[in-house]
Amino acid sequence: MPGIEKLPIEETLEDSPQTRSLLGVFEEDAAAVSNYTSQLYKAMKRIYDAQNELSTATHLTSKLLKEYEKQRFPLGGDDEVMTSTLQQFAQVIDELSSCHAVLSTQLADAMMFPITQFKEKDLKEMLTLNEVFDIASNDHDMAINKYSRLSKRRENEKMKIEATEDLYTSRKKQHQTMMHYFCALNTLQYKKKIALLEPLLGYIQAQINFFKMGSEHMTQQWEEFLTNIGTSVQGVRREMETELETMHQTIQDLEVASDSLYLPDPDTKMFNINRNLTRKTGYMNTRNKTRLVSSTWERHYYFTQGGNLMRQARGDVAGGLVMDLDNCTVMAVDCEDRRYCFQITAFDGKKAVILQAESKNECEEWITTINNISKRIYLSENPEELAARVNQTALEAVTPSPSFQQRHESISHSRPHPSRTNSSSSLGSESAALSATSLDSIVAPDTPIQFDIISPVSEDLSNQAKTSGQGTRRTNPFGESGELKSEESEESILHQLFIVRFLGSMEVKTDETSDVIYETMRQILAARAIHNIFRMTESHLLVTCDCLKLIDPQTQVTRLRFPLQNVVLCATHKENKRLFGFVLHTGGNRIEGRPISVCYVFESNNEGEKICDSVGLAKQIAFHSEMDRQTTDKQKELDREKERQLKELNKQKQIEKDLEEQSRLIAASSRPNQTGGEGQFLTLGGSSQSEDSDTGDDGKKKKESEA
């Protein structure tokens, strides 16, 4: 018989998508066998029923032929020949009826019984195992989800023990059920051949026995054929028994060897972490953000293929590409609702995924494996040996220190000058813009690097006693003066919010070119890579026309405040646009006659250029606002001067008007006296009557005009 494909019982514990895909093929084959067997059973049942009907009909025909002589036909006479002939036919048909009865019995035993047993027993057993396996698989999925949702903050030992026991029980049940299910499916490949051949063999043998009395030659041919078929069936049966015994022995061995692998988080002493891997597979949970703050987790099967990270869902035939791991960055991250999480960011910063491993060992192995792949170690002839040398060199080079001073000392002692530029592989290509300016003129050698955000408020509270008794004031390592404005301008035209992660800051010597920011980025990322510092503080960067603020996304408390007028330079990385930085002048602090400059480096969600453009726009708006304010102040001063001059002019006019009115009143009061004297003179002089009338008319007009 040709080789029969079988399911690998050894891979049931891993339960990979490839195994599930192969299982799906076997299940489809079982379904097809069941469907075909049902159709074949119906056909053979019709043969058996037809044979029974033929036997009954033949017996009835023989009986009717025997009763012919008793019939009385009106037009027919006594025909002895006809009657004798029919009697002979009746005897022959009666013998044939007996043969058909024997054939029906042989068909029931040799044809219908094997296929009925296969249909009612073997296929129903396969269906039952399928249902039990589905239940065990669903229970395992529920148990692993329950275990994965254990919170690291609210540690409940009882819940942890209960979840671990449930996962152990469900995983063991699934493994054992899956092994027996695989065994049954493998056995089905043999049984289906037996179930198809035995009924046909019985059918042919019954037919040969039926025709044996008629054709000896035919009988010999069929006997030779049936002998060969019978020998083949016996060979398949013996092969099935041997394979069945082997599978049962494999199941027993795997049950004993896999007992310790059922624990989801095994002891690290029992299983060492392999840091030299360049290939890895396993199930992990993927974080999918549904809204601004909410997220969901999905379980997928992940595997590395060359320099690619692939993902495959259960039931899929092949995996899909998640991202290219060449020159990517991987680091452990803190998730509020999950443990053992890490983040992979593509080399261009346009894509990032957060994954959750099943255990701490798995998480560290995934991080080291992806880190080895990102360095393209897998392209070498012996990747594991090269990875071992690289990791050993990294471990012997430096030892990470928790405190800032220890970090500074370790960097100063472990960083050789000739290899200073070689550590820029984590940042990208070598910076060619530093040819005109030496590195020492931009960033002083052995300059301390600050990796953590220290709130100025906490520093001021912790140093109040020192600052109250000393004349000098402590300089904030973030370049702030410690004097925060009590009231922020709420009428700022620009309000833009960005999500950023603080990478580090260090003091620089110059702020004239963007090279100082590029070199600061290189040194900070190199120090992080050397000391395995993966943790980053996420904040919200608020850009306004007054200042830059780092705000805690949870408490909305301002961590740091950078006055906009002190930000003198802002730039993004030449290749990785997610990285950006800016140079800040500290207020009032000077060294050698120049202000102290501090360069801050951040990582954004591919918004570095947007943030720099926003800072530039804010400075432009602030500049134009200042110019508008000065213009408005000058215009107000001119308006006040014009108003003052107008008031002086009105006052002068009022004085002149008052003088004119007084003069007129004086003239009006002196005019009646002159009129009376003149009339007296005219009376004494004997003036004419016409002059008196004219004078009287003028006096009336004068009075009317005064009135």
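The values are calculated or read from the model by the stated rules, or taken from the named source; none is laboratory data. Remember, it's a predicted structure, so these values are computed and weren't measured experimentally. Because the Cβ atoms are built from the backbone with ideal geometry, glycine has one as well, and the counts that use them run over all protein chains shown. Areas reflect the complete protein model, heavy atoms only, side chains present, ligands, DNA and RNA absent. Shrake-Rupley method; radii C 1.70, N 1.55, O 1.52, S 1.80 Å.
Name the one entry in A352, A313 that is open to solvent by 10 Å² or more (accessible area, probe 1.4 Å), modelled with pLDDT under 90, of a type in the set (A, V, I, L, M, F, W, C) and within 11 Å of the chain's Cα centre (by Cα).
Result of the check over A352, A313: A352.
Which one of these is more than 30 Å from F580 (Cα to Cα), hydrophobic (A, V, I, L, M, F, W, C) and without any contact (Cβ under 8 Å) to a residue 60 or more places away in the chain: A313, A318, A346?
A318
Being of a type in the set (A, V, I, L, M), within 30 Å of G24 (Cα to Cα) and open to solvent by 20 Å² or more (accessible area, probe 1.4 Å) is the filter here; which residues of the stretch 316-341 pass it?
Result: V317, A318, L321.
Among the residues of the stretch 31-48, how many are free of Cβ contacts under 8 Å to residues at least 40 places away in the same chain and surrounded by 13 or more Cβ atoms within 10 Å (Cβ to Cβ)?
Within the stretch 31-48, residues that are free of Cβ contacts under 8 Å to residues at least 40 places away in the same chain and surrounded by 13 or more Cβ atoms within 10 Å (Cβ to Cβ) number 1.
For the stretch 601-623, state whether one or more residues are open to solvent by 20 Å² or more (accessible area, probe 1.4 Å) and either touching an Asp or Glu at 6+ places or on another chain (Cβ under 6 Å) or on the phi > 0 side of the Ramachandran plot (or both).
Yes: the stretch 601-623 contains one or more residues that are open to solvent by 20 Å² or more (accessible area, probe 1.4 Å) and either touching an Asp or Glu at 6+ places or on another chain (Cβ under 6 Å) or on the phi > 0 side of the Ramachandran plot (or both).
Filter the stretch 662-676 down to the residues that are at pLDDT 85 or above and charged (D, E, K, R) and list them by number.
Listed by number, the list holds a single entry, R664.
Mind checking which strands (runs of 3 or more DSSP E) fall wholly inside the stretch 263-345 and carry at least 1 residues that are within 19 Å of L379 (Cβ to Cβ) and acidic (D, E)?
So the answer is 320-324.
Scan the stretch 617-644 for residues that are within 21 Å of Q565 (Cα to Cα), among the aliphatic types (A, V, I, L, M) and either modelled with pLDDT of 85 or more or out of contact with any helix residue (DSSP H, G or I) (no Cβ under 9 Å at 6 or more places or on another chain) (or both) and report the count.
4
Of the numbered conditions (1) free of Cβ contacts under 8 Å to residues at least 60 places away in the same chain; (2) assigned to a helix (DSSP H, G or I); (3) open to solvent by 40 Å² or more (accessible area, probe 1.4 Å), P74 fails exactly one; give the number of that condition.
All conditions are met except number (2).
Is the stretch 570-587 home to any residue that is buried (at least 17 other Cβ atoms within 10 Å of the Cβ), in contact (Cβ under 8 Å) with a residue 60 or more places away in the chain and among the β-branched types (V, I, T)?
Yes, the stretch 570-587 contains at least one residue that is buried (at least 17 other Cβ atoms within 10 Å of the Cβ), in contact (Cβ under 8 Å) with a residue 60 or more places away in the chain and among the β-branched types (V, I, T).
Would you check if I344 is open to solvent by less than 10 Å² (accessible area, probe 1.4 Å) and at pLDDT below 85?
No, not satisfied.
State which residue is nearest to R501 (Cα to Cα) when the search covers only the stretch 373-390 and only residues that are open to solvent by less than 50 Å² (accessible area, probe 1.4 Å) and in contact with an Asp or Glu (Cβ under 9 Å, 6 or more places away or on another chain).
So, considering only residues that are open to solvent by less than 50 Å² (accessible area, probe 1.4 Å) and in contact with an Asp or Glu (Cβ under 9 Å, 6 or more places away or on another chain), the one nearest to R501 (Cα to Cα) is S374.
Mind checking which residues of the stretch 21-73 are among the acidic types (D, E) and touching a Leu at 6+ places or on another chain (Cβ under 9 Å)?
Those that are among the acidic types (D, E) and touching a Leu at 6+ places or on another chain (Cβ under 9 Å): E27, D29, E69.
State all residues of the stretch 242-261 that are assigned to a helix (DSSP H, G or I) and farther than 17 Å from Y181 by Cα; if no residue qualifies, say none.
T242, V256, A257, S260, L261
Criterion first (without any contact (Cβ under 8 Å) to a residue 24 or more places away in the chain and either among the basic types (K, R) or in a helix (DSSP H, G or I) (or both)) does I194 satisfy it?
no
Would you mind stating whether T61 is loosely packed, with under 14 Cβ neighbours inside 10 Å and without any contact (Cβ under 8 Å) to a residue 60 or more places away in the chain?
no
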